[in-house]
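One structure is given below, encoded as structure tokens.
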Amino acid sequence: MKRLFIAQNEHALRTAYTVDDKLTEVYVDPTGTASRVGHVYVARVKNILPGRFAFVDIGDAKNAFINLPNCHGLKKGDAITMQVYKDAYAEKGAYGGLQLKIKGRFVIVHESERGEIGVSHKITDAQERSRLRSAVHGVLKERKGFGAVVRTNALGQAEEAVENEARDLIARYFAIQQRAKYVQPPALLHPENDAHEALLTDLLTDDLDEIWLACPLKIQEAIIQILPSLKSKIHLYEGEVGLFDAYNITCQMERALEKTVYLPCGGHLTIEQTEACVVIDVNTGAFSGAENYSAAILRTNIEAAAVIAAQLTLRNLSGIIIIDFIDMKDRSHKQKLLDALAAEIKKDRIKTELVSMTELGLVQLTRRKTRPPLAHEHIPKAQNN
């Protein structure tokens, strides 16, 4: 059973996704500090740096850091329209750029002279990919200067729905650019609505079985607006015990901060999060019986691969991730492990890439950073909504 839980108390707005009562994703937005990824601002250039970078004022305590195109021609004091790609984290301000990507439920549109159309790699059927690409192509022929990415949520959707959203997103882009001409920086242009709706757009799917809410009415209204078919699956929680406590979510969140994660086979993972990277060590348990030792190592490593992929999502770990699997001599076993790990990370909504396995057997991943890791979020204790 797939469930979505949203609860707000005096500390934060928290969103959790569970599969068969197991916590798989969790997001904590302290009151007033929701994610700004995707927000578009009119910003003031504060400083131009060598190498096509700049610091810009978007109204935060820390200036945002952005990439600039070749021959940008900008100077200190200029007003620019920019988008946030990554939230501020630790001592760093937000990170962004000048290319705007306007995201909907089915499609992302962006500026592009070539008009290229990408399709989510999670849509694997060739006919479906072609059908969806054709639907978007018709819209881009009407509006030159745009490219698009078809999202996983578009799978099986009517072409008309995909086309209409693509048109709406392009219209929204022009509205943003028009408004930018009449506001003084720093100013927020998009979205003007609750930032939590962007997260809901990603999490809401037709296969959700239940949605439990202990939060403001506007979130319920947003859910119905994004995906009307979910209206009958919404339940308003009124129990005496907090929603996250009643469904054992708070305890699972606290366990997600522990350094050691045990595997079903008896082995365990050690997860170390540093400023430079995340290091994960796979440790074997005690093997018993007459089972072949190398086969047992392979089984443990493959089991670890699935747990590691789940932990990356749950803890929102990102950047460079180094995994020290149990050493294997058989090359075919190494390839089986890499294939298994690649299959697991494909399930992640956040872009994750398997880079390589070194001669020493270390596996390197990279995962796109958008939000602070769970360890840096404020997790209210039990007995709170």
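Annotations
- Annotation: LYS22 fulfils all but one of (1) open to solvent by 70 Å² or more (accessible area, probe 1.4 Å); (2) within 24 Å of the chain's Cα centre (by Cα); (3) closer than 15 Å to PRO186 by Cα; the unmet one is (3).
- Against the list (1) in contact (Cβ under 8 Å) with a residue 24 or more places away in the chain; (2) over 24 Å from ASP348 (Cα atoms); (3) among the hydrophobic types (A, V, I, L, M, F, W, C), the condition LEU199 fails is (2).
- Residue pairs whose Cβ atoms lie under 6 Å apart, separated by 6 or more positions or on different chains, with the first residue in segment 209-222 and touching a residue at least 40 places away in the same chain (Cβ under 8 Å) and the second assigned to a loop (DSSP other than H, G, I, E, B) and open to solvent by less than 50 Å² (accessible area, probe 1.4 Å), are TRP212/TYR237; ALA214/TYR237.
- Test: residue in segment 15-26 that is under 18 Å from PRO216 (Cα atoms) and at pLDDT 90 or above: yes
- Members of segment 294-309 that are open to solvent by 20 Å² or more (accessible area, probe 1.4 Å) and polar (S, T, N, Q): SER294
- Residues (surrounded by fewer than 20 Cβ atoms within 10 Å (Cβ to Cβ) and closer than 11 Å to VAL37 by Cβ) located in segment 89-101: TYR95, LYS101
- Scope segment 231-252; condition part of a helix (DSSP H, G or I) and touching a strand residue (DSSP E or B) at 6+ places or on another chain (Cβ under 6 Å); matching residues: LYS233, LEU243, PHE244, ILE249, GLN252
- Checked against (1) free of Cβ contacts under 8 Å to residues at least 60 places away in the same chain; (2) touching an Asp or Glu at 6+ places or on another chain (Cβ under 9 Å); (3) of a type outside the set (Ser, Thr, Tyr), LEU227 meets all criteria but (1).
- Within segment 105-129, being open to solvent by less than 60 Å² (accessible area, probe 1.4 Å) and hydroxyl-bearing (Ser, Thr, Tyr) holds for SER112, SER120.
- The residue pairs whose first member lies in segment 249-274 and is closer than 22 Å to ASP21 by Cβ, whose second member is among the aliphatic types (A, V, I, L, M) and modelled with pLDDT under 90, and whose beta carbons are closer than 7 Å, counting only pairs six or more residues apart or on different chains, are THR250/ALA382; MET253/ILE379; GLU254/ILE379; ALA256/LEU374; LEU257/LEU374; LEU257/ALA375.
- Per the conditions (1) touching a Leu at 6+ places or on another chain (Cβ under 8 Å); (2) over 16 Å from PRO373 (Cβ atoms); (3) surrounded by fewer than 18 Cβ atoms within 10 Å (Cβ to Cβ), the sole criterion not satisfied by LEU257 is (2).
- Considering ASP60, ASP29, the condition of being open to solvent by 10 Å² or more (accessible area, probe 1.4 Å) and part of a loop (DSSP other than H, G, I, E, B) is satisfied by ASP60 alone.
One line per residue, one yes/no per condition, for (1) among the β-branched types (Val, Ile, Thr); (2) within 30 Å of PRO372 (Cβ to Cβ):
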| residue | (1), (2) |
| --- | --- |
| THR300 | yes, no |
| LYS334 | no, no |
| GLU344 | no, yes |
| ARG349 | no, yes |
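- Annotation note: of ALA276, ALA295, the sole residue that is out of contact with any Asp or Glu (no Cβ under 7 Å at 6 or more places or on another chain) and over 19 Å from THR352 (Cβ atoms) is ALA295.
- Residue tally, condition farther than 15 Å from GLN311 by Cα, open to solvent by 30 Å² or more (accessible area, probe 1.4 Å) and not in a loop (DSSP other than H, G, I, E, B), over segment 359-375: 2
- Verdict on GLY267 being modelled with pLDDT under 95, surrounded by 14 or more Cβ atoms within 10 Å (Cβ to Cβ) and among the small types (Gly, Ala, Ser): yes
The values are calculated or read from the model by the stated rules, or taken from the named source; none is laboratory data. Please read these numbers as outputs of a predicted model, since none were measured by experiment. Here the Cβ is made from the backbone with ideal geometry for all residues, glycine too, and neighbour counts use every protein chain on show. The accessibility values were calculated without ligands, DNA or RNA, using every heavy atom of the protein model including side chains. Shrake-Rupley method; radii C 1.70, N 1.55, O 1.52, S 1.80 Å.
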